[in-house]
Ligand SMILES: Cc1cc2nc3c(=O)[nH]c(=O)nc-3n(C[C@H](O)[C@H](O)[C@H](O)COP(=O)(O)OP(=O)(O)OC[C@H]3O[C@@H](n4cnc5c(N)ncnc54)[C@H](O)[C@@H]3O)c2cc1C
């Protein structure tokens, strides 16, 4: 996460703002950057802790366009393009690696679903291919493929550094005139007759007519402050980083080895520095802010590793951390403008794939703020879809 030197500004809370962005993760900082770049003045971003300290800097850093929902494919592809150009715009090195994402598929229904997704991705200009187990083995020589029927692979997917992305957006937004205030907690939002009039914080009140809620797993409580339902729940997810790999393994799993995912169990791993970053969604986890590390996930994790990548079981664990997915009932984001409160926009509920959507969502919310049609139509992702029963299930989640 971005601490005092890079992320904190000496600025104080202004009396008034054109727009207040709540949350200093990838979403809030990307939105602030895109608004400032478009010439919006008097932007204030409020983050209650360090920038990036929510889910963003807990992410595995994976970036991809392999999804089943066309909106997610478009947001993911736009994200890849933006991450590739990040050193020029907004101007930050982000350690982007693009060895691809390799989803290993073990049952016929799964293969059919990924085939269908790959066809849709191809029609949208994403060259995903279904590979044979032999082709998958050449891309990642340490995985056991006895029960694998096929693999889905897009070579432009990859991973990069969440800390650097937040730093890049926040620094550029500040250079363009935005006020970025870490360690400033929003405590209330005033709404009168459907109009926003101000935002309360632990450092005072700022008058404003527009608010963007980008508060990750905490967004539901910010919605309540404005009288708007944002159905987002926190769900604990854990990551392990191994000790440096022995030379024999280091030669086989390199930064050219794809991010590899066992689609049935969600066990995934990629090279991280001298070791491996690995994780898995623990199926029995229940919603709630539980920040303590839990060993409950180890039996299913070890079982998956034994079956899929047994060589990794001999490598020690150097670090681990706990983060929160910000989950919605259909595992798709909430993006839009409230129909009840004028100029209240929200970008939250990314359900485990928000880091990669940061750049595209910044553009979309900029356009919603400017009241022009976004290049990617996200209207099916409105928070009102749950009341009308128009859910959008995403198949390809990790
Ligand atoms: C273990 C793990 C692995 C992941 N791996 C990936 C991955 O590989 N690829 C991917 O795309 N995604 C991944 N994700 C998901 C990704 O991290 C999130 O979807 C994304 O970071 C969400 O960004 P955000 O800006 O919406 O939220 P956050 O980064 O959580 O930012 C929200 C911010 O709002 C602040 N806030 C909350 N309440 C207030 C308040 N009252 N006042 C002021 N500020 C407030 C919080 O402090 C927080 O910093 C992963 C998540 C986890 C936990």
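The values are calculated or read from the model by the stated rules, or taken from the named source; none is laboratory data. Computed from a predicted structure; not experimentally measured. Please note: Cβ atoms are built from the backbone with ideal geometry, for glycine as well, and neighbour counts cover all protein chains shown.
Structure values in brief
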quantity	calculated
The stretch 180-215 - residue that is within 15 Å of the ligand (Cβ to nearest atom), over 26 Å from the mean Cα position of the chain (by Cα) and part of a loop (DSSP other than H, G, I, E, B) and, of those, farthest from residue 227 (Cα to Cα)	203
Checking residue 280 against (1) buried (at least 18 other Cβ atoms within 10 Å of the Cβ); (2) without any contact (Cβ under 8 Å) to a residue 60 or more places away in the chain; (3) assigned by TED's automatic domain parsing to the domain that holds residue 365, the condition it does not meet	(3)
The stretch 132-155, subset touching a helix residue (DSSP H, G or I) at 6+ places or on another chain (Cβ under 8 Å) and surrounded by fewer than 20 Cβ atoms within 10 Å (Cβ to Cβ), residue nearest to residue 58 (Cα to Cα)	142
Residue identified as surrounded by 15 or more Cβ atoms within 10 Å (Cβ to Cβ) and more than 30 Å from residue 272 (Cβ to Cβ) among 336, 393, 354, 362	336
3 or more residues closer than 22 Å to residue 202 by Cα: qualifying strands (runs of 3 or more DSSP E) within the stretch 1-110	19-22, 43-46
Residues within the stretch 90-114 that are without any contact (Cβ under 8 Å) to a residue 40 or more places away in the chain and exposed (fewer than 15 other Cβ atoms within 10 Å of the Cβ), tallied	2
Some residue of the stretch 203-225 being crowded, with 19+ Cβ neighbours inside 10 Å and at positive phi	yes
Residues satisfying the stated conditions in the stretch 211-221, i.e. touching a strand residue (DSSP E or B) at 6+ places or on another chain (Cβ under 7 Å) and more than 15 Å from residue 365 (Cβ to Cβ)	217
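Here is a yes/no grid of residues against (1) more than 15 Å from residue 157 (Cβ to Cβ); (2) within 10 Å of the ligand (Cβ to nearest atom):
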| site | (1), (2) |
| --- | --- |
| 30 | yes, yes |
| 35 | yes, no |
| 48 | yes, yes |
| 64 | no, yes |
| 67 | no, no |
| 76 | no, yes |
| 84 | no, no |
| 105 | yes, no |
